[in-house]
Each structure stands twice: as structure tokens, then as C-alpha cells.
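Chemist: First, the structure itself, so that you have it in front of you.
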Amino acid sequence: MSNVNHHPLSGRDLIAALCVVLIWGTNFVAMKLALRDLTPLQLGAARYLFAVLPLVLLVKPPKLHWKWVVIYGLCQGVGQFGLLFLSLQMGMTAALASVVLQTQVFFTALFGFIALGERVARPLQIGLALAALGLACFAMNYLAPGA
């Protein structure tokens, strides 16, 4: 049994959650639209510029050597999002890009298991299996003849 107390969301919390869903739900469509006027690298730079400005003012810098912060930024910004924006520019649909990016769930679970020795409990196994089933259904849409 869990010690977590379950309380219904307040109206304010529900509105905040719905705003997050709305923003995330329109995120990939907005990226696709932005790529009409920007290159993938310009969009990536703009994304990080708008994200970093409030952080510089509100968040204390991490106690890491700057090179690790730069390496992380390059891997995330240029690596993950640069390739994401490039794939969108080359014709990948916003829906497929969103699903491909969310496959990170499997990698996070795998790396947590390998590198951190995290236990893969039954609920996580069931969740991963359901997510894989959802991905398979989504992929069938793109693999079907005439798709």
C-alpha cells in the first residue's frame, strides 16, 4: 500500500494541468509552423534563448564545471532538438515526431535499470508494455500500404 494521500485537484490545479496539456499538445505543430521561416538550428537557438533568459534570472547556476553544462546543452540542443527540427523540416509529421521523441520513456527506463540499478517494478513493466503497444498501433498507420 502506498502512503500517498490522494486529493482531488483544485480548480486552479486542474486549469494549470490543462494549460500544460494544451501547450504540449500544440508544441510539435508550432515547431512545424516555425520551420517555414527558420532553419532547424535557428529554431533550436531561439528555443534555448527563450528558455534560458528566465532561468538566468531565477535559477542559481549548478555547481558543475562549465564544460559539463556546455556538453549537456550541445547534446540536448544540437543533438536531440536539432535532429528533431531537421526531421520536421524534411517532412516528418508533427504527430510522428511527437511519438518518436516520446520513445525516450523506454531509454530512460533502460538506462535507469543499467546505470542506476533501478528496479523495474510490475507497474512500470505494464506501463512500458502498454506504451509499446500504442507505439506499434501508431507505427502500423505509417507502415500500411498507401499510408
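Chemist: Could you list the trypsin sites (Lys or Arg not before Pro) in region 62-147 that lie in coil according to DSSP, counting only those with at most 15 other Cβ atoms within 10 Å of their Cβ?
Modeler: Here the trypsin sites (Lys or Arg not before Pro) that fit, given the DSSP loop and packing criteria, are 63, 119.
Chemist: With contacts defined as alpha carbon pairs under 8 Å and 6 or more residues apart, what's the relative contact order of region 1-104 in percent?
Modeler: 39 percent
Chemist: Shifting gears a bit: Contour minus end-to-end for residue 60 and residue 128, with contour as 0.36 nm per residue of separation and end-to-end as the Cα-Cα distance? Intermediate results must be reported in sequence, preceding the final value.
Modeler: Details: separation 68, 0.36 × 68 = 24.48 nm, distance 3.50 nm.
Between residue 60 and residue 128, full extension yields an extra 21.0 nm.
Chemist: When the helix-only estimate is applied to the chain (DSSP H runs of n ≥ 4, each -39,500 (n - 2.57), divided by the residue count), what is the mean residue ellipticity at 222 nm, nearest 500 deg cm²/dmol?
Modeler: The per-residue figure over the chain is -23000 deg cm²/dmol.
Chemist: Now for a separate question. Report the equivalent ellipsoid semi-axes for the chain in whole Å, largest first, defined as the square roots of five times the eigenvalues of the gyration tensor built from alpha carbon atoms.
Modeler: Whole-Å semi-axes of the equivalent ellipsoid: 27, 25, 20.
Chemist: Related question: Roughly how big is the chain's charge dipole about its Cα centre, with Cβ charges of +1 (Lys, Arg) and -1 (Asp, Glu), in debye to the nearest 20?
Modeler: Value, rounded to 20: 280 debye.
Chemist: In whole Å, what are the extents of region 7-80 along the principal axes defined by its C-alpha atoms, from largest to smallest?
Modeler: Taking the Cα atoms of region 7-80, the three principal extents are 44, 38, 20 Å.
Laboratory data are not the source of any read-out in this text; all were calculated from the coordinates shown. Note that this is a predicted model, so its numbers are computed, not measured. Cβ atoms come from the backbone with ideal geometry, glycine included; neighbour counts cover every protein chain shown.
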